[in-house]
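I have placed the structure first, in the form of structure tokens, so that the comments after it can refer back to it.
The values are calculated or read from the model by the stated rules, or taken from the named source; none is laboratory data. Please read all numbers here as calculations on a predicted model, not as lab measurements. With ideal geometry, Cβ positions are generated from the backbone for all residues, glycine too; neighbour counts draw on all protein chains shown.
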Amino acid sequence: MNKHRIEDIEVGMSSGNVFADLGLPNADQLKIKSGLAIEITQVITKLGLTQVEAAQRMGISQPKVSALLRGDFSNLSERKLMACLNRLGYDIEIQIKPASAPIGHVVLAVA
């Protein structure tokens, strides 16, 4: 990360993944899961669903919906988050292609 100082505060340009910038393990996975969780939260709001209604549609418990809406998605796998979006009426497409660098990266694009 390119860093410089502004008024005695060190600042730097983000890599595009806040989890990687914070040095967290599994940063790519956390970025994907957080993107899916944000999308689910937006869909629940858009549809005007209660937590109980959302839980029934997504096939998870209301406490898990509550945690998800508070930003805690640690108890849900990427696959389960994708299944929740499917059950809320969304298609998911996974595209795999050769990377331009020796090590590839994961991108979540929401239409």
Looking only at the stretch 45-89, count how many residues are touching a helix residue (DSSP H, G or I) at 6+ places or on another chain (Cβ under 8 Å) and among the charged types (D, E, K, R). 4
Before we move on, is Ser66 surrounded by fewer than 17 Cβ atoms within 10 Å (Cβ to Cβ), out of contact with any Phe, Trp or Tyr (no Cβ under 6 Å at 6 or more places or on another chain), in a helix (DSSP H, G or I) and among the small types (Gly, Ala, Ser)? yes
How many residues does the stretch 9-37 hold that are in contact with a strand residue (DSSP E or B) (Cβ under 9 Å, 6 or more places away or on another chain) and assigned to a helix (DSSP H, G or I)? 1
Return the pairs, sorted by first residue and then second, in which the second residue is part of a loop (DSSP other than H, G, I, E, B) and surrounded by fewer than 18 Cβ atoms within 10 Å (Cβ to Cβ), the first residue lies in the stretch 59-83 and is without any contact (Cβ under 8 Å) to a residue 24 or more places away in the chain, the beta carbons are less than 7 Å apart, and the residues are 6+ apart or on different chains. Lys64/Asn75; Ala67/Asn75
Starting from the stretch 1-24, keep only residues that are within 29 Å of Ser74 (Cα to Cα), then list their pairs with residues that are among the basic types (Lys, Arg) and surrounded by 10 or more Cβ atoms within 10 Å (Cβ to Cβ) whose Cβ atoms are within a distance under 6 Å, requiring at least 6 positions of separation or different chains. Asn17/Lys31; Phe19/Lys31
Has the stretch 38-50 got at least one residue that is modelled with pLDDT of 90 or more, under 19 Å from Asn17 (Cα atoms) and outside any loop (DSSP other than H, G, I, E, B)? yes
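The rows are residues; the columns are (1) farther than 20 Å from Gly104 by Cα; (2) more than 19 Å from the chain's Cα centre (by Cα); (3) modelled with pLDDT under 85.
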site: Arg5; (1), (2), (3): yes, yes, yes
site: Ile9; (1), (2), (3): yes, yes, no
site: Gly23; (1), (2), (3): no, no, no
site: Ile32; (1), (2), (3): no, no, no
site: Val52; (1), (2), (3): yes, yes, no
site: Gln56; (1), (2), (3): yes, yes, no
site: Phe73; (1), (2), (3): yes, no, no
site: Leu76; (1), (2), (3): yes, no, no
Yes or no: the stretch 87-106 includes at least one residue that is in contact (Cβ under 8 Å) with a residue 40 or more places away in the chain, assigned to a helix (DSSP H, G or I) and of a type in the set (A, V, I, L, M). no
